[in-house]
């Protein structure tokens, strides 16, 4: 299985959380600009069209609406995917994920780290995102730990160490 790090949109509009409860988030837009399909600020948020795609892969996932002040319909959604244990991932020195163990057919999961949280998606979801023209998010391929496809100590390579075959 191939995996990709889902990198958030880093420009355009700025969103600020106004209130939060378990049923709804109320946000405001501090700076106008291109709206993201995925952002981590002020919390993990996805666009309506990203949510529609994710529902095809995970029909039972719970989403919490995020409504902009003064609007009735949600513009964004927050969600909490399953977590992978930190021990089953490897990291770059900056805290971003460089390799993960497979999580079965789960299309998206998060990997917590003391420096940052990383969202990881599998190949099928990555291809679906690319086919639909999501232009304001970035995907970075990462390595898969375990199995026959894992031939190198990739995290040692990621951090500038020697390229040792296992």
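Rule-based calculations on the coordinates, nothing more; no lab input. Since the structure is predicted, the reported quantities are computational estimates derived from the model, not experimental observations.
Counting only helical runs of four or more DSSP H residues, what would the 222 nm mean residue ellipticity of the chain come to if each run contributes -39,500 (n - 2.57) and the total is spread over all its residues? Roughly -4000 deg cm²/dmol at 222 nm, from the helical runs in the chain. Largest GNM mean-square fluctuation among 117, 135, 86, using the chain with Cα springs under 10 Å: 135. What separates the Cα centres of region 8-75 and region 77-133 is a distance of 19 Å.
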